[in-house]
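The values are calculated or read from the model by the stated rules, or taken from the named source; none is laboratory data. In this text, all values refer to a predicted model and were calculated from it rather than measured experimentally. FYI the Cβ positions are ideal-geometry reconstructions off the backbone, even for glycines, and counts take in every protein chain you see. These area figures cover heavy atoms from the full protein model, side chains too; ligands, DNA and RNA do not enter into them. Shrake-Rupley method; radii C 1.70, N 1.55, O 1.52, S 1.80 Å.
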Amino acid sequence: MADAFESILGQPQVRDFLRMSVCSERVTHAYLFTGPAGSNKTATAYALARALLCPEGAKGPRGGLCGRCDHCSRIVRKAHPDVHYIEPAGTNGWLIEQVRDIAADVALAPIQAQMKVYILDRVDLMSTSPANAFLKTLEEPPGNVVFILLGRTRDSVLPTIASRCQVVPFRHIPPTEAAGIVSQNTGADAQLARQAIEACGGSISAAVAFLRAAGNERVGFRAKVLKMLADIEMVDDWQVVSRARELVQMSKAPLDEVRTQLEREIAENADFLEKSAIRQIEARNKRQMSAKSREYLNQTIDIAASWLRDVLAVRAGTPELVINTDAMADIQAAAARADIAGVSRALASISQLPRALTYNVSPETCIDVLLFEIKDGLNGTGSASKPCI
């Protein structure tokens, strides 16, 4: 029998606290996980969901987990109909309509398990109006519902929300320790682990998945992105557009397997699920596809940002700080030609792109902006006032 909380990497205090809560049957109805990006809050939320929904999850001194049942396998694939991951959908955060939809869904019975888990990301972006609409649901959910809220800091979450949750603080994981954790869980050397962490926006769990991807697919993707950046400032605008289209297609390619898996699950369940339940699963699958697409596109942005930081590091005379050492020759060549102010502007500009993707700006537009900002930045032709989108 596996430990339900093995996947909580780099957070021993959190792991022990949640394990004790499950084993002693002292799970509360609402948790608020607080900590910086990359501190494993989301992976921990799914680990807790597995412990709660698995029939073996509360048994044994370490929080047993069978790891073989349908509940476990579906949660690992983020495909369980009773585990809901929801992000803010508004331009500036959560919408009132979103929390009202959650309240309506909470009232429905679970589809497969004995309980339901709602993972709400970036609740620090929940303003007063949506928070007020959410309060009654948060205060008095059905006995078979657990909320796991994720935020950057406790102070950034409205007191009316934070005061109704069990706050679980996550610590910042130093880069060297983070790389060691990734290496331990994948067998990759420390440098490759650091590169994977950079490609995944600092997330340890995402870096582990990145390195475990079938056939090193994501590692190969990273290499192609770096190669495209090597001479980006010397190609014409049509070539930039062509490379942007190629990057978007490369980012979308792994989604075919995800889509096939989701369609298979609906087909397998169609005989015993009501139409309303199937509609819920289809809606969740659509959200999952959108989230996976953004994840891959964000990796493209993170890889490019990491490459630009390496160019600045070389230009500043600190090549020992370079992360993408396998592209060192290209980075040095770009640094020799680069305009420092332009590169800095490009880096600041593309840091806005993940947020633009969240607001449903088209992937093609985002990647166009990404490559043109980098080209202009390296050539020193960008403008400090130039809009991101």
ask   = Mind listing P(r) for the range 145-185? All alpha-carbon pairs, 5 Å bins, whole percents.
value = 5, 18, 22, 13, 13, 13, 11, 5, 0
request  = May I ask for the distance between the Cα centers of the range 138-192 and the range 1-48, given as a whole number of Å?
outcome  = 8
remark   = In nanometres, the difference between 0.36 nm per residue of separation and the alpha-carbon distance of Ala209 and Leu108 is 33.1 nm
inquiry  = Suppose R0 equals 22 Å. What FRET efficiency, 1/(1 + (r/R0)^6) with r the Cβ-Cβ distance, do Asp236 and Thr365 give to the nearest 0.05?
reply    = 0.65
query = Sorted by packing (mean other beta-carbon atoms within 10 Å per residue), highest first, where do 312-323, 71-82, 163-174 land?
reply = 71-82, 163-174, 312-323
message = In whole percent, and with a 1.4 Å probe on the protein chains, what portion of the accessible area of the range 85-228 is carbon and sulfur?
response = 53
Cys69-Glu6 FRET efficiency (beta carbon distance; Förster radius 25 Å; 0.05 resolution) = 0.95
ask   = Which length gain, in nm to one decimal place, applies between Thr325 and Arg77 when the Cα-Cα distance is subtracted from 0.36 nm times their residue separation?
value = 86.0 nm
inquiry  = Report the per residue volume, in Å³, of the convex hull enclosing the C-alpha atoms of the range 88-130.
reply    = 77
inquiry  = Test of understanding: what is the full-extension gain from Thr128 to Val167, defined as 0.36 nm times their sequence separation minus their Cα-Cα distance?
reply    = 12.1 nm
inquiry  = How big is the range 138-253 along each principal axis, measuring the range of its Cα positions in Å and listing the largest first?
reply    = 58, 35, 28
note = Phi angles of the range 295-308, converted by Karplus (6.51 cos²θ - 1.76 cosθ + 1.60, θ = phi - 60°) into ³J(HN,Hα) in whole Hz with x for Gly and Pro, give 4, 5, 5, 4, 5, 4, 5, 5, 5, 5, 5, 4, 5, 5
task = Please work out the FRET efficiency for the pair Gln191 and Ala223, using the Cβ-Cβ distance as r and a Förster radius of 22 Å; give the result to the nearest 0.05.
result = 0.95
message = Just to be sure I understand the model, the point goes 7 Å from the Cα along the line to the Cβ. What's the resulting Asn216 to Gln184 distance in nm?
response = 2.5
ask   = Roughly how many percent of the accessible protein surface of the range 300-367 is carbon and sulfur, given a 1.4 Å probe and a whole-percent answer?
value = 55
message = Semi-axes of the equivalent ellipsoid for the range 49-176, please: Cα gyration tensor eigenvalues, times 5, square-rooted, ordered largest first, whole Å.
response = 26, 19, 14
ask   = In nanometres, what is the gap between the two model label sites at Thr381 and Gln13, each 7 Å from Cα along Cα-to-Cβ?
value = 5.2
message = What number comes out for accessible area per residue over the range 80-230 if the probe is 1.4 Å? Units Å², please.
response = 44
